[in-house]
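Novice: Sending over a structure as structure tokens; questions will come in a sec.
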Amino acid sequence: MYKITVSAPGKLLLFGEHAVVYGQPAIVSAVDKRLSIIVEEVTDSQIIINAPEAFDTRFIDAILSQYSITKGLRITTASAFSGKYGFGSSSAVTVALCKALSELMGKQLSDQELFQQAFKIISQVQGTGSGVDIAASIFGGTIFYQKNPLMIEPLAPDWNQIAFVVGYSGIKANTVEIIRELKQKHDKEPEKFAKIMNAIGSLVNQAKESLTENDWERVGKYMNFNQEYLRDLGVSNQKLEDMILAAKKSGAFGAKLSGAGGGDSIIALVAMDKKTDVENAIAQAGGEIVESYIGSEGVKIEEII
Ligand code: MEV
């Protein structure tokens, strides 16, 4: 009986969340926290799903129906990260399961083909999204991403020189709802929002340059500018702001929310010798420190039996 285990990483948005949905570029990194999925053939007349990490099993259902699979499989997920942090657990599940099933069917998809398939599933289930989370889960590392025309460009900053501190706000954000609310605001004041989105887009291009040069001070400054725009878009909140301020006051080069906002996590860019100070400050502001390293590898087959 065939059994395959595939793992896919979670992600952190370094720059450009939300604006990326409106066609602007973003920079995303895969994190060392991975989600694993085990797909086993079983002699059963149904599909057995044991997926506590995939809070929303609609993604799994959509993939099974895409592959017209109705019986004889057990699907189990295990994750090194909680779905609440905003690391993109739905995207990681989608990527890992598409990869596992395509292998099971004997179709070895290229990364590009896997991206198209996973993006289709996410768009179908969520009705929105840029695909940036999926790109991070598939390709890994750090990526300069744009939706249309599709651009997935690997970046290679020297992450060994620097640390990222991740602080979870304690509030689980509803990404789809936040994107929808923003769209409503956007449609009411399209010019104002277009201006902010464009400004974020040019900031992301500048941040890309600074990252390539490992110019951390400038990278931090762009993170702070990005946060101001996210605040203008209305996706920040008091808890996130408190954690961000605490990080900056204790010596971070820059800090911002990462992902949809409204909750989830913040990231702070810090010199190695400031890491503990910044962690303590974020914790004091009520954040939960989530030990994580960025720039890890994309989706991979762990085992085939
Ligand atoms: C969520 O991780 C990032 C958003 O920009 C949504 C998306 O790009 O699909 C808020």
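The values are calculated or read from the model by the stated rules, or taken from the named source; none is laboratory data. Note that the structure is predicted; figures quoted are calculated from it, not measured. Every residue, glycine among them, receives a Cβ derived from its backbone with ideal geometry; neighbour counts consider all protein chains shown. Side chains are part of the model used for accessible areas, which takes the heavy atoms of the whole protein and leaves out ligands, DNA and RNA. Shrake-Rupley method; radii C 1.70, N 1.55, O 1.52, S 1.80 Å.
Novice: State, to one decimal in nm², a quarter of the convex hull surface area for the C-alpha atoms of segment 29-121, i.e. the direction-averaged projected area.
Specialist: Hull-based average projected area comes out at 5.9 nm².
Novice: Can you tell me the 0 to 90 degree angle between the C-alpha axis of helix 238-249 and the longest principal axis of the chain, rounded to 10?
Specialist: Around 60 degrees separate the two axes.
Novice: Skipping prolines and chain starts, which residues have an amide H placed within reach, meaning under 5 Å, of the one on Asp56, given they are 5 or more residues away or on another chain?
Specialist: Amide H neighbours of Asp56: none.
Novice: How large is the dipole of segment 1-137 about the Cα centre if only Lys and Arg carry +1 and Asp and Glu carry -1, each at its Cβ, rounded to the nearest 20 debye?
Specialist: 60 debye
Novice: If you don't mind, another one. Tell me, what is a quarter of the convex hull surface for the C-alpha atoms of the chain, in nm² with one decimal?
Specialist: 14.7 nm²
Novice: Which lysines have a Cα lying under 16 Å from the Cα of Lys183, excluding residues fewer than 8 positions away in the same chain?
Specialist: Of all the lysines, those that pass the test against Lys183 - Cα under 16 Å, at least 8 places apart if same chain - are Lys192, Lys195.
Novice: A follow-up question, please. Apply the a/c threshold of 1.5 to the C-alpha gyration tensor of segment 1-156 and tell me whether it is rounded, prolate or oblate.
Specialist: Prolate, because a/c is 1.5 or more and a/b exceeds b/c.
Novice: Can I ask one more? If you find the alpha carbon centre of segment 1-76 and of segment 92-130, how far apart are they in angstrom?
Specialist: Their Cα centres are 8 Å away from one another.
Novice: If you don't mind, another one. Need the list of lysines near Lys274 for cross-linking: C-alpha distance under 18 angstrom, and skip anything on the same chain fewer than eight residues off.
Specialist: Output for Lys274: Lys221, Lys248, Lys249, Lys256.
Novice: Which residue, Ala92, Met105, Ile179, has the largest displacement toward the positive end of the dipole of the chain when charges sit on each Cβ (Lys, Arg +1; Asp, Glu -1)?
Specialist: Ile179
Novice: What do you get when you divide the Cα radius of gyration of segment 80-121 by 2.2 N^0.38 Å, with N the number of residues?
Specialist: Here the answer is 1.25, to two decimals.
Novice: Right, something else. Is segment 156-305 best put as rounded, prolate or oblate by its Cα gyration tensor, with a ≥ b ≥ c the root eigenvalues, rounded for a/c under 1.5, and otherwise prolate when a/b is larger than b/c, oblate when not?
Specialist: Rounded, because the longest to shortest axis ratio a/c is under 1.5.
Novice: May I pose another question? Ranked highest first by the average count of other Cβ atoms within 10 Å around their residues, in what order do 83-89, 188-194, 296-302 fall?
Specialist: 83-89, 296-302, 188-194
Novice: Cα to Cα, under 12 Å, and not fewer than 8 places away if on the same chain: which aspartates and glutamates meet these conditions relative to Lys300?
Specialist: Once the sequence-local aspartates and glutamates are set aside, what remains near Lys300 is Glu103, Asp111.
Novice: A further question follows. Show that you can apply the helix-only estimate: for the chain, add -39,500 (n - 2.57) for every DSSP H stretch of four or more residues, divide by all residues, and state [θ] at 222 nm to the nearest 500.
Specialist: It comes out at -13500 deg cm²/dmol, rounded to the nearest 500.
Novice: How many percent of Cα pairs in segment 81-229 exceed 22 Å?
Specialist: Considering segment 81-229, 53 percent of its Cα-Cα pairs are separated by more than 22 Å.
Novice: Sticking with this structure for a sec: Determine the per residue accessible area of segment 33-189 with all protein chains present and a 1.4 angstrom probe, expressed in square angstrom.
Specialist: 44 Å²
Novice: Could you please state, rounded to a whole Å, how far the C-alpha centre of segment 255-305 is from the C-alpha centre of segment 213-245?
Specialist: Taking the Cα centre of segment 213-245 as reference, the centre of segment 255-305 is 14 Å away.
Novice: Once you charge only the Cβ atoms, +1 for Lys and Arg and -1 for Asp and Glu, what is the size of the charge dipole of the chain about its Cα centre, to the nearest 20 debye?
Specialist: In total the dipole reaches around 540 debye.
Novice: Same structure again: Give me the Kirkwood hydrodynamic radius of segment 104-169 in Å, from all C-alpha pairs, to one decimal place?
Specialist: 13.9 Å
Novice: If one takes the longest principal axis of the Cα atoms in the chain, at what angle in degrees, from 0 to 90 and to the nearest 10, does the Cα axis of helix 275-284 lie?
Specialist: Relative to the chain, helix 275-284 is tipped by roughly 90 degrees.
Novice: On a 0 to 90 degree scale, rounded to 10, what angle separates helix 216-233 from the longest Cα axis of the chain?
Specialist: 80 degrees
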